[in-house]
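**Q** Mind looking over this structure? Questions follow.
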Amino acid sequence: MEVALRAIADPNRREILRLVRGRELPAGEIAAHFAVTRPAVSQHLQVLVTAGLLDMWRLGTQRLYSARKEKLEELRQFLSEFWDESLSRLAAAAEAEERSKTHDAS
């Protein structure tokens, strides 16, 4: 999980994941979306493949990439645990504040 979290820390890599979500794209088409060099995009792609977030295969001379949905789902579930905990704490704080207001008004 740590490798995947480090991989998505970079905004360019998050954008790559958005681009390939639900479809496969060749490296050249992915690179065309960025104002960085192709070697830089290749490095980002390699980080995502190493993290298990992308699949890569060759078709002739092209390298095609697609998101690994099962790995992204694991990551989403992991991150949603933090979101759920934060929402629970926020709800508890709001309820405590409401009780305090009600108590003070009495």
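**Q** Name the residue, out of S42, S80, S66, whose mean-square fluctuation peaks in a Gaussian network model built on the chain with Cα pairs under 10 Å.
**A** S80
**Q** In the chain, which longest range has no trypsin sites (Lys or Arg not before Pro) that are both DSSP loop (not H, G, I, E or B) and surrounded by at most 15 other Cβ atoms within 10 Å?
**A** 24-106
**Q** OK, next. State the extension gain, in nm to one decimal, for the chain segment bounded by E97 and E73, taking 0.36 nm per residue of separation less the distance between their alpha-carbons.
**A** Contour length minus Cα-Cα distance gives 5.1 nm.
**Q** Keeping all protein chains in the complex and leaving out DNA, RNA and ligands, what accessible area do you get for M1 with a 1.4 Å probe, in Å² to the nearest 10?
**A** 90
**Q** Using just the helices of the chain, give the 222 nm mean residue ellipticity in deg cm²/dmol: DSSP H runs with n ≥ 4 each add -39,500 (n - 2.57), and the total is spread over all residues, rounded to 500.
**A** -22000 deg cm²/dmol
**Q** Still on this structure, I have one more. Counting Lys and Arg as +1 and Asp and Glu as -1, what is the net charge of the other residues whose Cβ lies under 14 Å from the Cβ of R38?
**A** My count for the surroundings of R38 gives 0.
**Q** Based on alpha-carbon centroids, what's the gap between the range 40-56 and the range 1-38 in Å, whole number please?
**A** Here the two parts' Cα centres lie 7 Å apart.
**Q** Hey, of (i) -0.40, -0.84, -1.40; (ii) -0.51, -0.78, -1.19; (iii) -0.34, -0.70, -1.37, which did the structure itself give for log10 I(q)/I(0) by the Debye sum over Cα atoms at q = 0.12, 0.17, 0.23 Å⁻¹ when calculated?
**A** For log10 I(q)/I(0) by the Debye sum over Cα atoms at q = 0.12, 0.17, 0.23 Å⁻¹, the calculated option is (ii).
The values are calculated or read from the model by the stated rules, or taken from the named source; none is laboratory data. Please read these numbers as outputs of a predicted model, since none were measured by experiment. Every residue, glycine as well, gets a Cβ built from its backbone with ideal geometry; the counts of neighbours run over all protein chains shown. The area values use the complete protein model at the heavy-atom level, side chains included, leaving out ligands, DNA and RNA. Shrake-Rupley method; radii C 1.70, N 1.55, O 1.52, S 1.80 Å.
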